[in-house]
Every structure is written in structure tokens, then in C-alpha cells.
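Each remark here refers to the structure printed beneath this line.
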Amino acid sequence: MSPRQSQATPTEVTERAVRVIDNDWVPLRDGVRLAIRLWLPEDAEDRPVSTILDSVPYRKSDGTAVGDAAWGTYFAAHGFAFARVDLRGSGDSSGLLEDEYSETEQDDAEQVIAWLAERPWCTGAVGMIGVSWGGFAALQMAGRHPPELRGVVAIHASEDRYADDVHYIGGCVSAIDMSQWATSMLAYLNQPPDPAVVGETWRAAWLERLENARAFIEPWLSHQRRDAYWQQGSPCQDYGSIHCPVYAVGGWSDGYRDMVLRLVEHVKAPVRGLIGPWGHTWPEAGRPGPAIGFLQECRRFFAASLNDEDNGFFEEPQLISYMQEAVPPAGSYTERPGRWVADPCWPSPSISAWTHTIGATALGDDDSAAARTISSLQSTGVDGGVWCGDGSPADYGLDQRFEDGSSLCWDTAPLSERVEILGKGEAHLEVSVDKPWALVAVRVCDVAPDGASTLIARGLLNLSRREGHDRSVPMLVDEPVLVRVPLQATAYAIPPGHRIRLAVSNTYWPMAWPSPEATRLTVHCGPKSTLTLPRRNRSDLDEALTPFGAPETGTALPTEITRLRKGGRSLRRSLHDGTTEVEFDWHGSGIRILATNTEMTEDSITTYRIVEGDPLSATVICRVTVRLVRPDWNIEVRAQSTMTCDAREFLVTSTLDAFEDEVRIHARAFTHRFPRDGA
């Protein structure tokens with residue numbers, strides 16, 4: 001079982017009968033109408049309730065309908081209204097959606113919140129919850145603090161759009177995610193409204209979307225530094241703007257885990273954090289496990305923040321996280337062994353900085369000066385797994401020994417005792433390079449006695465961003481400079497007899513787009529170059545934890561699986577020409593919603609190609625196809641893109657094709673060139 005600390009017994013709740021309003025309309029000031037689905041306690045008009053909102057562009061009538069129903073029926077049965085709105089230009093809503101997290105989207109959300117608060121069945125108190133986009137939206141609205149918003153639950157999201165999302169990692173262009181996500185959104189957003197909801201106008205609205213479609217990669221690669229474009233919608237610019245309570249939730253297998261620690265540290269309003277072993281999915285589903293009774297925790301949070309219930313939620317430790325035990329390297333895990341730990345605040349008094357000098361040959365006591373040089377293989381990184389996993393096959397990094405062989409490595413002596421790491425480590429490296437534009441990748445691994453190397457944490461730095469992500473400063477050739485490389489947060493227990501390995505490379509494909517020229521990186525060993533890890537001591541709070549409840553959920557819509565492809569990751573190497581190709585089969589699923597007899601399928605395959613010795617050969621090819629089929633409706637949208645580069649520019653070509661009854665009714669092509677800005 002999974003534990004939490006309980007200071008008070010939650011009020012027992014008698015479940016209420018639930019009614020569903022399949023569609024209502026939120027009128028906006030500019031004439032756009034947003035489609036919204038509502039779950040209410042059946043007697044809410046007589047006994048008004050507070051309302052919980054999820055605001056995303058993923059199609060309430062089909063795309064997220066199954067999960068929405070599970071959440072909606074759960075919250076309504078437990079005394080809340082639950083609302084799921086399609087953003088403008090998505091699903092059944094009118095208007096156009098031109099970019100993610102825009103000011104227009106946030107203005108719309110404020111109007112939705114006010115509309116909900118004015119309903120006769122609502123008390124006037126509104127909260128928000130969401131995974132990923134919905135979590136971003138919740139944090140952005142918390143930063144705008146409309147008066148009706150009383151609390152948000154942000155799951156697998158970020159309050160920093162530039163430094164902690166799918167676009168840039170350490171100032172490096174994210175090859176693994178940027179093009180893939182832009183292509184996915186090109187397909188998702190250009191599906192039509194549902195005729196069963198909007199009526200005969202659905203086709204005209206669809207054509208309007210298609211004719212005004214925009215490739216999201218255009219604004220993303222047009223802003224390669226942290227500028228006003230990224231600052232908008234990033235509450236980290238002013239944590240003091242967040243006035244309402246926040247429940248920040250992440251997973252060690254997910255890309256957005258660092259958000260939880262930053263919010264617990266910086267938000268002055270009531271805040272709690274939870275980090276489990278999970279990937280980019282709901283904690284009550286728990287991939288990898290263990291799953292927990294997460295919706296019960298959300299119910300307690302909303303009861304305290306929206307209804308002023310004195311249930312002890314905010315008297316509990318500010319951070320509860322899952323300490324993962326050491327595991328052999330594998331592409332996926334059904335469950336991660338470990339235990340739950342509690343910290344009263346962040347930074348935690350149980351954490352201390354554990355600093356190791358990077359010596360000539362070893363990590364730790366060796367402080368001898370030396371210069372070690374590497375020119376890593378361009379394919380270094382292919383065994384690193386993904387940035388943002390969801391529990392799918394091959395999400396995790398494989399045995400790191402291949403990567404270690406193309407990196408500079410330093411090991412500690414075998415540990416004499418168990419060491420637990422919790423939080424963000426960092427490397428301070430004195431480095432020099434032979435080209436003005438270069439990057440550095442840092443990995444920390446757990447090396448078992450048999451030599452197996454398990455990835456614990458990693459970090460990237462575009463060296464042109466070493467003085468700040470808002471500027472591009474070329475490196476002076478062969479001039480040593482001290483740089484700081486933050487590592488992504490983790491929790492990991494290293495057993496006695498194991499060693500800690502620091503591995504440094506100057507390539508990391510396909511996580512980071514390669515530098516324009518092959519580079520040679522030198523690390524100057526000695527007292528200036530160090531690795532610092534956050535070492536955690538056991539806390540009395542750990543022993544006071546009591547179990548989470550078992551996972552609960554509401555009534556999901558009945559479905560049947562129509563197609564299931566395992567997906568995963570494949571690797572191909574050509575001994576003839578030095579080409580390495582990594583292919584991710586991100587989706588291959590199909591389900592039918594029985595209530596509407598609507599079948600949804602998606603295919604999403606991305607290929608990452610590079611030729612050894614030639615960083616300008618880097619290529620990302622994305623192919624995304626989504627289909628909606630029922631007896632009187634047959635829709636298909638295909639989006640494809642190819643991203644390449646030369647020494648001066650990135651080149652992205654995209655195509656969008658839409659089909660009705662297997663007849664192509666729309667075709668568009670986009671070609672974008674972006675000057676490389678220190679990348």
C-alpha cells in the first residue's frame with residue numbers, strides 16, 4: 001500500500017446521485033461559444049456546490065470522454081460539480097486556436113470561471129484540475145487569480161514555459177519532443193466539431209479550422225531564447241501572483257517533475273507537493289506503479305480550499321515523494337520498488353549537499369588537476385529513453401554502458417553504506433571547447449557490482465546559454481570557463497557496494513539537437529569541477545506516514561478496444577554509412593465509445609536519424625494520423641513533418657491532409673526556415 005500522513009480524519013461523504021449535461025455553451029465577449037460538459041449532483045440546484053474545471057483542447061465528445069466521465073462522476077458523487085470545456089478552436093467550440101497557452105486562451109478561461117461561478121447550482125467557488133495542458137492552464141489561472149478561483153491541482157505541468165517544457169532543455173532545442181508535439185497538435189486541432197453536438201454547421205467550422213491551421217513550431221523556433229513570448233503564461237516570473245492554494249503533482253518518470261519542488265519552495269499561498277514513480281498519466285492509474293487513491297486526495301484538497309472544510313489537508317507535510325529503490329536498467333517497469341517519504345518543506349532539513357570533486361580519474365577524494373577531452377559519437381543518447389515517459393515500453397534509459405563508452409566518466413569508490421538522493425543535483429564544470437557553439441550533457445548513473453549502469457539523473461546545457469537563457473554568447477575557443485549544469489530532480493536509493501558514475505558528453509541525440517559543427521570538449525579536472533547531489537537522511541515524518549487509500553474512480557464510459565499495438569522503440573544502425581535511426585511508435589491504439597458508436601484511432605511514429613561524424617545530418621520525421629469513425633461519419637486527419645538543418649538554419653516542412661469518407665477534402669503544406677540562434 002502507499003502511504004501519506006494524516007493529521008485529521010476526512011469527513012465521511014455520502015455519495016450523491018449524478019446527472020450529466022452532455023453539452024452546454026459558454027458565450028464569450030467576442031462571440032465565440034465554448035462547448036462544455038457538466039457533471040452535477042442531481043440535487044445541486046437545491047444544494048449548490050463548488051465547481052472543478054478542466055480546460056484542454058483534446059475533444060470532450062470523444063478524445064478525452066472516457067477519462068472525463070471517470071473524474072466527472074467521481075467528483076459529482078462526492079459533492080462537487082465537474083466541468084470539462086473545449087478550448088476555442090478545438091473539439092466542439094467555435095473560433096480558432098492559434099498557439100498553446102496564449103493570452104486569449106487565458107482570457108477565455110477567466111470568462112469560463114466567472115460563468116461557472118454564476119450558475120444557480122454553484123456556490124461561487126471554482127477550482128481547476130488538469131494533467132499536462134490542463135495543469136498548465138490551472139497554474140496560469142492561479143497566476144492571474146480571478147476572484148472566483150479558490151484552488152488548483154496541477155498534474156505533470158510546468159510554471160516555466162521555456163525551461164521546463166517540450167521546446168528547450170538547458171537552452172538546447174529539444175529534438176525528441178518539439179517537432180513531434182507540434183505535428184501531433186497539427187493533427188489533433190484540425191479534427192472537426194462533432195455533428196451530433198453542433199449540427200449542420202460542423203463542416204463549415206472544420207473547413208475554417210483547416211484553412212487557418214498553423215504549425216505551432218513556427219512560434220516555438222522563432223523564439224530560441226527566453227523572451228517575452230515564453231515569459232507570458234509562465235507564473236515563475238512572479239510566484240507572488242499565485243494567491244490560491246495549490247496541489248502540485250508529478251512523477252519521477254515524467255518530464256515535469258521539477259515543477260513540484262519549485263512551487264513548494266516559492267509559492268507563499270498554501271501549497272503541497274506529491275511526486276510518485278509515475279509517468280505522464282493519472283496517479284490513480286499509476287504507470288509505473290504503485291497507483292494510489294489520488295482522487296480521494298484531490299477531494300480532500302478541494303474540500304479544504306473551495307469549501308473551507310477543516311480536514312487537516314494543509315497541516316500535513318508539504319512534500320510527500322516516492323523514494324525509488326535501485327533497479328537494473330530496463331526500458332520499462334510495471335512497478336518501481338520503494339517507499340513513501342515526507343518532508344515538512346522545501347528545501348528540506350533532511351537534505352544536505354553532497355559534493356564530489358571531479359579528479360583526474362575518479363569522483364570524490366581525487367582532486368588532482370588534469371585535462372580530459374572527448375568528441376562524443378553523434379549517436380550518444382540513443383539509449384537514454386524519453387524526456388517525458390508515460391509508462392510505455394522503452395520509455396526508460398537502457399543500460400548506459402554504451403553511452404558511458406562515448407563519454408568522459410568518473411566513478412566513486414564502492415559505497416560503504418546506502419545513500420538516498422532526493423531533489424536536484426548539479427555539476428560545476430570547468431570546460432573549454434574548440435568551436436564557439438557547443439553543448440554539454442551530464443548524466444549520473446548507478447553502477448552495480450556487475451557493471452550494469454542505470455541512469456539516475458541527467459542535465460543539458462547549451463553553452464551559448466551559460467550566462468542566461470535570454471542571450472546567446474559564443475564560447476571563446478580553447479578558453480576554460482566554469483559552467484553550471486543543473487540535473488533533473490530524482491529520488492533514488494543507491495545500495496552499498498554500488499558506485500556513482502558521472503558521465504559527460506558533448507552530444508546527446510535525440511534529446512538535444514546537435515551543435516552545428518562536431519566539437520571537442522575538454523573538462524579541466526580539479527577543485528573547480530564538482531558534482532553535488534542532494535543526499536537525504538531519514539526523517540521521523542517518514543515513519544508517521546499512513547497508507548493512501550486504494551485507487552478509486554468514477555464511472556468511465558463503456559468502451560471496447562478495436563486495436564492495440566504494443567509500440568515502443570526500435571534502433572537501426574547502418575555499418576555501411578554510419579547512419580543511426582531511432583524510431584518511436586508513440587501510439588497505435590483504437591477504442592470504440594459504445595454509447596455513441598464512435599471509434600477513435602491514432603498512429604504516431606517519429607524517426608530520429610543521424611549520421612556518425614556529421615551533426616548537420618540530424619533529421620526528425622513525424623507522421624501522425626487520427627481517425628473518427630461511426631456509421632454516419634468517417635473523418636481522417638494526417639499531419640507529417642520533417643525537421644533538418646544546415647550550419648545557419650533549421651528547416652521544417654509540414655503537411656496537413658484531411659479526409660471525409662476517404663476523400664481528401666483539404667491539403668496544405670508549410671515550409672519554415674529559422675536562423676540558428678546559438679543552437
With every protein chain kept in place and a 1.4 Å probe, the chain has an accessible area per residue in Å² of 35 Å²
With a Förster distance of 35 angstrom and the Cβ-Cβ distance between ALA669 and GLU118, calculated FRET efficiency to the nearest 0.05 equals 0.20
Rounded to the nearest 10 degrees, the helix 294-307 long axis (Cα) sits at an angle to the longest Cα principal axis of the chain of 60 degrees
Karplus-derived 3J(HN,Hα) from phi for segment 96-112 (6.51 cos²θ - 1.76 cosθ + 1.60, θ = phi - 60°), whole Hz, x at Gly and Pro, runs 10, 10, 9, 6, 7, 6, 6, 4, 4, 4, 6, 4, 4, 4, 4, 5, 5
Scoring the chain by relative contact order with C-alpha pairs under 8 Å, at least six apart, yields a percentage of 14 percent
So, with points 7 Å from each Cα along the Cβ direction, the LEU616-ASP470 label distance in nm works out to 3.4 nm
Shape call for the chain, from the Cα gyration tensor axes a ≥ b ≥ c (a/c under 1.5 means rounded, otherwise prolate when a/b beats b/c, else oblate), comes out oblate
Which residues qualify? For GLY289, with a placed amide H closer than 5 Å and at least 5 residues away or on another chain, they are GLU335, ARG336
A chain fully extended from LYS268 to GLU552 at 0.36 nm per residue, minus the present Cα-Cα distance, gains in nm 99.1 nm
A 1.4 Å probe over the protein heavy atoms gives the chain a carbon and sulfur accessible-area percentage of 49 percent
From most to least accessible, 1.4 Å probe, no ligand or DNA/RNA atoms counted, HIS666, HIS280 line up as HIS280, HIS666
CD proxy, 222 nm, the chain: helix-only mean residue ellipticity via -39,500 (n - 2.57) per DSSP H run with n ≥ 4, per residue, nearest 500, stands at -4500 deg cm²/dmol
With every protein chain in place, the accessible area of SER102 for a 1.4 Å probe, in Å² rounded to the nearest 10, comes to 40 Å²
Computed for the chain: size of charge dipole around the Cα centre, +1 on C-beta of each Lys and Arg, -1 on C-beta of each Asp and Glu, debye to nearest 20, value 980 debye
Output for segment 223-304: trypsin sites (Lys or Arg not before Pro) sitting in coil per DSSP, at most 14 other Cβ within 10 Å, listed by number, reads LYS268
Under a 1.4 Å probe, counting only protein heavy atoms, GLU420 has an accessible area in Å², nearest 10, of 10 Å²
Restricting to aspartates and glutamates and to Cα separations under 12 Å from LYS424, and discarding same-chain partners fewer than 8 apart, the set is ASP258
Quick calc, THR361 & ARG648: beta-carbon distance into FRET formula, R0 35 Å, rounding 0.05, result 0.30
Expressed in nanometres to one decimal, the distance between label points 7 Å along Cα→Cβ at ARG563 and THR532 is 5.1 nm
Pseudo-spin-label distance HIS576 to ALA17, built 7 Å along Cα→Cβ, given in nm, is 7.1 nm
Note to self: C-alpha centroids of segment 439-470 and segment 612-631 sit apart, in Å, by 27 Å
If the chain between ARG520 and ASP46 were fully extended at 0.36 nm per residue, the gain over the current Cα-Cα distance would be 163.5 nm
Full extension between TYR229 and ASP24 adds, at 0.36 nm per residue less the Cα distance, a length in nm of 70.5 nm
Segment 460-501 scanned against label point 7 Å out from GLU325 along Cα→C-beta; backbone N under 20 Å for 490-500
Applied in sequence order to segment 159-172, the curve 6.51 cos²θ - 1.76 cosθ + 1.60 (Karplus, θ = phi - 60°) yields integer Hz couplings, x standing for Gly and Pro, of 9, 10, 5, 7, 8, 9, 8, 7, 9, 9, 10, x, x, 8
Restricting to Cα pairs under 8 Å and 6 or more apart, the percent relative contact order of segment 89-229 works out to 24 percent
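The values are calculated or read from the model by the stated rules, or taken from the named source; none is laboratory data. Fair warning: this is a prediction, and the values are worked out from it, not measured in the lab. Neighbour counts run over all protein chains shown; Cβ positions are idealised from the backbone, glycine included. Accessible surface is based on the protein model in full, side chains and every heavy atom, while ligands, DNA and RNA are left aside. Shrake-Rupley method; radii C 1.70, N 1.55, O 1.52, S 1.80 Å.
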